[in-house]
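Structure record follows, encoded as structure tokens.
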Amino acid sequence: MLVSLTNINKFYNGNKVLDNVSLTIDESDRIGLVGVNGCGKSTLLKIITGSVEPDRFTERDGVISYAAKTSVGYLEQMGGLNSENTVIEEMREVFEPVHRAIDRLREIELEIEMGDNSSADEYQRLSSWIEANDGYNTDVKIRMVLNGMGFGEDSLERTVSGFSGGEKTRLSIARLLLEEPNLLILDEPTNHLDFKTIMWLEDYLRSYRGAILVVSHDRYFLERVCTSICEIERGVLKRYRGNYSAYVRQREENDARQEKEYELQQKQIAKMEDYVARNIVRATTSKRAQSRQKALDKIERIEKPFHETRTAKIRFTYAVEPPIDVLKVKNVDISVGSGDSAKTLVDGISFDVRRGDKIGIIGDNGIGKSTLLKIIQEQLPHKGVVRWNSNVKISYFEQESTNLNKSLTVMEELHSRYPSMSDLEVRSLLAQVRLVGENVFKKIGVISGGERAKVCFAIMMQEHGNVLILDEPTNHLDLASKETIEDALAEYTGTVIFVSHDRYLLSKIADRLIELKDGTYRLHEYGFDKYLDVLREEQAAEKRAADAEKLAKAAEAAKSKSNKVYRTKQQRSAEAARKNEMKRLENEIDELQAQIDALTEEISSEAVYSDYELMNEKCTEIERLKNKIDEDFELLVELDS
């Protein structure tokens, strides 16, 4: 056990955010924390880290226990960095105690050379401590983590203050990973990461030696990293075993079971109440009725299932069937700016869209994805040809909802578009997207991004477009709303063209992909899961090529050495032994890597990630194999020098 929470309560402005929450975090836990916006997830993290105190009413309330060995690392967005440092200075600060110990070791070595052996015991202690903390490989660790988080050699000497907000968040994650706390707490860690970096982080966290508690709306991340999911709903925390898919399945099963139990109990209560009402005043049956009333009073009432955010009913329909060939795009450019400041991001884009296609557009921020959506709608000037066929009706979801009038209320916005609809019809439509009560009378400019998105979905339901064009449709939505939109798009039989960073949405909806990257584009005639497999294969091929190049250089160096003339038999024998040992190490490294690949594949299966002990055993073995590879590489380098 690292942390234990018992009866945690928290009120804000008279509202109970956390209601008797209890949670135990063990050494090998991978916990995903989910719930609607404002449910108390961040508050719970702050209570665990000690920056917020729980509300206490009795001695048994708000008990937080930490094991003596517990070290907590908490990711604060863009926080905890010294803006004056260079990147390498910032990362090396993590290992400051190690560096001080190494400096002291050098001082003692000089003292010993001068004949002063008084610090020999200290030298032995420091040597053992540095070795135990892998102190001589700190720069290797730093470069490995920074490279995984997207920072190359050219970034090391840059000052932290010169990076963007998203880059600073990535640096904060890198520093936190290097600190290696045994409880790692992350709040939306994938918000500013591209697919490649997210995949690296997922792989890194799956073999992380400590416990992980993460708040995330990235369901793909929760799917791959977590072994249990904790949901906060109306202040109550429930824990589900397994990854995100297992959580969804168990939650639905629990809801169905609770609904059935509630209905059965209500029938029983109604029957007993009816008996009491009919018999309480009759002398012959009064005692039995009183007994039945006492039984009624003692019944522990099952709470009526309540999942308001899961009842949204979004459905996209159309009346006019489009032709088979919907859209043709040929030699289109994506350009920004004008005149001398004009810049072409991607040129020569060509693709066709057919009826029923569901095409996902992916790529890094700023590459031109949203611009491409506007170009194919002829909203921006461009080169090349964009040709829509007849009988096409487009319904467009714009990322920042700029098509809405911020000065109007939600009701007024709908009435301005559909004046023939009555107030009752408008409110009924808004209720389908879960905009109810006083929210419908708020101005567009003051409601949340998620609520504005729901207004847009309500409008799209009325537009009945046979082509949906969507720009980051799930960006501002909670998990339940994301699931609703996914179901609606999956059931929709028309054509969908959408931009998204939401890997779960891409996996469920897209059957083709357009990838914008490094000034060019690629068409992928398959879905997102296959795309990730291809991407991993390409990355593995790049790594193999780099390793092969290193080995080729080492072989060339060895060949040069072998061409030397050795004067003695002992020298020739030693050289042969050196070559044999290098060959053995190379083979062993290949075998160890194969074992790591096999174990990494194993821990992605439900049979492993749902078993805490087995998962911990596999992760420990992966870490041991990685350490053995590092040792072999060090020996290989020594033998080759």
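The values are calculated or read from the model by the stated rules, or taken from the named source; none is laboratory data. Computed from a prediction, not measured in an experiment: that's the story for all the values here. Glycine also receives a Cβ, built like all others from the backbone with ideal geometry; neighbour counts cover every protein chain displayed. SASA here: full protein model, heavy atoms, side chains in, ligands and nucleic acids out. Shrake-Rupley method; radii C 1.70, N 1.55, O 1.52, S 1.80 Å.
A few remarks follow.
- Every residue from region 531-556 that is surrounded by 14 or more Cβ atoms within 10 Å (Cβ to Cβ), modelled with pLDDT of 80 or more and either touching a strand residue (DSSP E or B) at 6+ places or on another chain (Cβ under 9 Å) or more than 30 Å from Tyr492 (Cα to Cα) (or both): Tyr531
- Qualifying position, being buried (at least 18 other Cβ atoms within 10 Å of the Cβ), of a type outside the set (Val, Ile, Thr) and either at pLDDT 90 or above or assigned to a strand (DSSP E or B) (or both), among Leu489, Leu523: Leu489
- Qualifying position, being free of Cβ contacts under 8 Å to residues at least 12 places away in the same chain and in a helix (DSSP H, G or I), among Leu264, Leu296: Leu264
- Of all residues making up region 363-389, the number that are surrounded by 14 or more Cβ atoms within 10 Å (Cβ to Cβ) and part of a strand (DSSP E or B): 3
- Filtering region 72-93 to residues that are open to solvent by less than 50 Å² (accessible area, probe 1.4 Å), more than 16 Å from Leu45 (Cβ to Cβ), at pLDDT 90 or above and not acidic (Asp, Glu) leaves Asn85, Thr86, Val87, Ile88, Met91.
- Residues that are farther than 30 Å from Ser172 by Cβ, among the aliphatic types (A, V, I, L, M) and either within 30 Å of the chain's Cα centre (by Cα) or surrounded by fewer than 17 Cβ atoms within 10 Å (Cβ to Cβ) (or both) within region 116-146 comprise just one, Ala120.
- Hits in region 27-39 - residues which are open to solvent by less than 50 Å² (accessible area, probe 1.4 Å), within 29 Å of Ser448 (Cβ to Cβ) and either assigned to a strand (DSSP E or B) or out of contact with any helix residue (DSSP H, G or I) (no Cβ under 9 Å at 6 or more places or on another chain) (or both): Ile31, Gly32, Leu33, Val34, Cys39
- Selection status of Arg282, surrounded by 11 or more Cβ atoms within 10 Å (Cβ to Cβ), of a type in the set (D, E, K, R) and at pLDDT below 90: no
- Among residues of region 9-26 being under 19 Å from Tyr240 (Cα atoms) and touching a strand residue (DSSP E or B) at 6+ places or on another chain (Cβ under 6 Å), the one that is most open to solvent (accessible area, probe 1.4 Å) is Asn20.
- Selection count, region 24-39, where residues are touching a Lys or Arg at 6+ places or on another chain (Cβ under 7 Å) and either closer than 17 Å to Thr70 by Cβ or at pLDDT below 90 (or both): 1
- Scanning region 177-188 for any residue that is over 19 Å from Asn133 (Cα atoms), at pLDDT below 90 and either part of a helix (DSSP H, G or I) or touching a helix residue (DSSP H, G or I) at 6+ places or on another chain (Cβ under 7 Å) (or both) turns up at least one such residue.
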